[in-house]
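Single-structure report; data block below.
The values are calculated or read from the model by the stated rules, or taken from the named source; none is laboratory data. Owing to the predicted nature of the structure, the values given are computational and were not obtained by experimental measurement. Reconstructed Cβ throughout: ideal geometry from the backbone, glycine too, with neighbour counts over all protein chains shown. Just the protein is used for accessible areas: all its heavy atoms, side chains included, with ligands, DNA and RNA removed. Shrake-Rupley method; radii C 1.70, N 1.55, O 1.52, S 1.80 Å.
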Amino acid sequence: MLLALCLSGTLVWAQGNVLTPEDEAIAKMAKTIKEQSKDWEIPVNEHQEAAKAQAAQLFTELQKQTSEQLNLPEKQKPSGRVMFFVSHSLGKEGLDEVLYTASVTPDSMVVFRGLKDEKNFAKSVLEIQNHAAKQTPMANVVLDPTLFRDYAVSKVPTIVYLDEGKTNEVARVSGLSTPGWLLEKVKAGKSGDFGVRGPVEDILERDLIEVMQDKVAAIDWADKKEQAIKRFWEKQQFIELPRANKPRRRYLDPSILISDDIKDVDGKVLVARGTKINPLELKPFTQAVVVFDPLDAKQLALVDKQLPDLIKNHPRVTLIVTRFDRAEGWESYKTITDHFDAPVYKLTQDIYSRFDLEYAPAVITAQQNHFVIDELAPSDEEAP
């Protein structure tokens, strides 16, 4: 259900810089409700594609955290012309050999596809860090499953040599821990895949992106949505008004008293200090605003009784409620809007203060140069 909560322009009747102080409260109300409507749209993740997108985002963040833990340059992805693709399946000695070689090979990096312990990322990153820290200088290490995908690496160790732009593959070999043999081939003008030239192992670690996708896909999104809705309603603040115990009409003068001269750019006084301006004399307020508690059966009955005449006599009727049922949440909102077949809005501090509201239900209209606040209550004959 798309909630119609945007009230921009609904209650703004006066225009121009002279009237800005007077109209600011209602303008803020429209803005506040419009902003609230953004918060009321609870995000729902129901599809695998959305889960994959979140997984990619999580992976990016994890990649950044991993780089920081490995003492890699912040905000800069490690790069190298010589890439050593490795895995923990090489064993401690095999990894140490590759890391040592990388530490003394200029413009190189060591690439892991994932983490050894999927349930303990921090421990797995620390293990890689400990291996790398044994060498001086420390090898350039990166956790990036996309490189394994991009270069179709399925066995380790594999060495890939790139062109000067570090984008296109020139040559590769699997089964070697040092690049000397491969570099000699390139130096001799040869290129391409030189196949397997030594013992290779399967990649022990799962693709980190797949791991993150599985984790995201396993999240109970229905529960997440329910918890988000619950948190939303728990934090809602309502301005509750006491029920009117007798009918009463009050008049409110919206006039502005100008405290300082208002001048144009040439210094000419446009509005003198002490001038009293009534915005209702400049632009009439033709609508009716009804403020009430929809959870109070007596108030609801009074509003139902009053509405036909208000709709008949005013081009617009705006319904503002003092509260919703937090326990029922959106069901409460839906019940109220369905009852009136119209949107309803939450009472804000601006409206409460601007019209000096005291009791509910209250109907706000205008007559000539005053606002009229009618507080509704059963007449003596109607009262039980």
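Maximal additional length on extending the Lys246-Ile311 stretch stands at 21.1 nm, based on 0.36 nm per residue less the C-alpha distance.
Find how many whole Å separate the alpha carbon centroid of the stretch 254-317 from the alpha carbon centroid of the stretch 152-189. Distance between centres, Cα-based: 77 Å.
Compute the projected area of the convex hull of the Cα atoms of the stretch 224-380, averaged over all viewing directions, and report it in nm² to one decimal place.
Answer in nm², one decimal: 13.0.
Taking 0.36 nm per residue of sequence separation and removing the Cα-Cα distance, the Ala342/Asn168 pair yields an extension gain of 56.5 nm. The 1.4 Å probe gives accessible areas that order Glu184, Glu93, largest first, as Glu93, Glu184.
Averaging the sequence gap over all C-alpha pairs within less than 8 Å and six or more residues apart, then dividing by the number of residues, gives the stretch 241-384 a relative contact order of 36 percent.
Per-residue accessible area (protein heavy atoms, 1.4 Å probe) orders His339, His370 as His339, His370, starting from the largest. In loop segments of the stretch 171-245 as defined by DSSP, the trypsin sites (Lys or Arg not before Pro) with at most 13 further C-beta atoms inside 10 Å of their C-beta are Lys190, Arg197, Lys235.
Per-peptide packing, taken as the mean over residues of other Cβ atoms within 10 Å, places 147-157, 303-313 in the sequence 147-157, 303-313 from highest down. Whole-Hz Karplus values for the stretch 123-132 come out as 5, 5, 5, 4, 5, 5, 4, 5, 4, 5 Hz, taken residue by residue from phi with 6.51 cos²θ - 1.76 cosθ + 1.60 and θ = phi - 60°; glycine and proline positions read x. Of all beta bridges that DSSP places with both ends in the stretch 132-251, some 70 percent have antiparallel geometry. Counting charges near Lys155 (Lys, Arg +1; Asp, Glu -1) among other residues having Cβ under 15 Å from its Cβ returns a value of -1. Asp356 contributes about 80 Å² of solvent-accessible surface, heavy atoms of the protein only, 1.4 Å probe.
Summed over the residues of the stretch 277-384 and divided among them, the accessible surface reaches 48 Å² per residue at a probe radius of 1.4 Å. Since only Gly329, Pro361, Ile351 are under comparison, the one whose Cα sits farthest along the positive direction of the charge dipole of the stretch 315-366, derived from C-beta charges on Lys, Arg, Asp and Glu, is Ile351.
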